[in-house]
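As structure tokens, the structure follows; a few thoughts come after it.
Just so it is clear, none of the values below were taken in a lab; they were calculated from the coordinates. As the structure is a computational prediction, the values presented were derived from the model and not from experiment. Positions of Cβ are generated from backbone atoms using ideal geometry, with glycine treated the same way; all protein chains shown enter the neighbour counts.
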Amino acid sequence: MSDDHPPSRHSPQKSWLDKISHLLTGEPQDLEDLLEILREAREKRLLDTDALSMIEGALQISQMRVRDIMIPRVQMVVVPKEASLESIFPLVIEFGHSRYPVIEDDRSKVVGILLAKDLLAHVLQNKTLTVQEIMRPSSVVPESKRLNVLLKELRTNGNHMAIVVDEYGQAAGLVTIEDVLEQIVGEIEDEHDDHQDEGYIFQRNEHEYMIKALMPIEEFDAHFSTHLATDEYDTVGGFIVSQLEHMPKKGESLIVDSLRFEVVRADNRRIYLVKLKIK
């Protein structure tokens, strides 16, 4: 066989040369390499800090699952399907949400979604109508779905809320398009957000919680009967950074006594979301 034929595209020699070429040119080999290049661009002022944070968030949602950000079933604000429109009006006014899961029997069985605008349109005409007569079909997603896939589906279907189901088909929680976007752009506040609420903790099961990193460490201690607070930090995120002595990346963990903290979302500036497991 002649030696002057070029090597096959898929030959080991080509693959090896590709690797050497990538090494010499400095091209990113994985997501972390790409993030390092972007952080260097920020340091050279080619990107500002906010832009870098959003880019990091957009890249990280492909590695996050619905279960990481969903509102747990026990914290959903729901309405019974057989309730009259008049009877649920006070609840809708109190919470100010635009959408409410409609349940049958209990929270594990969500049968539809009630839109506040539909309620307003019909309650003025006939207060005796029931929720099930005006509710809309619910979109259902598994806990394991990746956030980037979910975002694409929500945008394509025009849905703003999806019901999250577990392996048995029961409702495990809910997720909104706003929840996904917040992983990219940060917290989105509206006129109904309560700045003094206790929305820092989302309980997933008896031993596992999702904690917002901005939760004051004193509130954490009060809730979990711990003694982590000192003068060195004010928040759960600050505590984790202080213990690790560096800004952690997604997936890093910290074990303190019977508590295991795992960073779910973070960028080069701060931690956003933490998973807590209690042994």
Would you mind computing, in nm to one decimal, how far apart the modelled labels at residue 39 and residue 219 are, each placed 7 Å from Cα along Cα→Cβ?
-> 2.9 nm
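For a test of the definition: using alpha carbon positions, the gyration tensor, and the 1.5 limit on a/c, classify segment 205-264 as rounded, prolate or oblate. Could you put the intermediate results ahead of the total?
On the way: a/c = 1.56, a/b = 1.05, b/c = 1.49.
Since a/c reaches 1.5 but b/c is at least a/b, the shape of segment 205-264 is classed as oblate.
Take the alpha carbon atoms of segment 69-136, find their radius of gyration, then divide it by 2.2 N^0.38 Å using N residues; give the quotient.
Working: Rg = 11.3 Å, N = 68, 2.2 N^0.38 = 10.9 Å.
With N residues counted in segment 69-136, Rg over 2.2 N^0.38 Å equals 1.04.
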Give the share of C-alpha pairs in each 10 angstrom bin for segment 120-279, from 0 to the last occupied bin, in whole percents, shortest bins first.
-> 9, 31, 32, 18, 8, 3, 0
Quote to one decimal, in nm, the extra length available between residue 54 and residue 75 on full extension: 0.36 nm per residue of separation minus the C-alpha distance between them.
-> 4.8 nm
Relative packing of 244-252, 149-157, 108-116, which averages over residues the other C-beta atoms within 10 Å, highest first | 108-116, 149-157, 244-252
Could you work out how far apart the two model spin labels at residue 249 and residue 144 are, taking each label as a point 7 Å from the Cα in the direction of the beta carbon, and quote it in nm?
-> 2.5 nm
Stick to the Cα atoms of segment 55-176, pair each with every other, and give me the Kirkwood hydrodynamic radius in Å at one decimal.
-> 15.1 Å
Value of relative contact order over segment 201-274, rounded to a whole percent, pairs C-alpha under 8 Å and six or more apart | 26 percent
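What net charge is computed for the residues neighbouring residue 259, neighbours being all others with C-beta under 10 Å from the C-beta of residue 259, Lys and Arg scored +1, Asp and Glu -1?
Value of the local net charge: +2.
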With r as the distance between the Cβ atoms of residue 277 and residue 84 and R0 = 41 Å, compute the FRET efficiency 1/(1 + (r/R0)^6) and round to 0.05.
-> 0.45
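Report the Stokes-Einstein translational diffusion coefficient (µm² s⁻¹, integer) for segment 109-162, Rh taken as the Kirkwood radius over Cα pairs, at 37 °C with viscosity 0.692 mPa s. Could the numbers behind the result be given before it?
On the way: Rh = 12.9 Å.
The diffusion coefficient I find is 255 µm²/s.
With contacts defined as alpha carbon pairs under 8 Å and 6 or more residues apart, what's the relative contact order of segment 112-232 in percent? The partial results should precede the final answer.
Working: 98 pairs, mean separation 15.9, N = 121.
13 percent.
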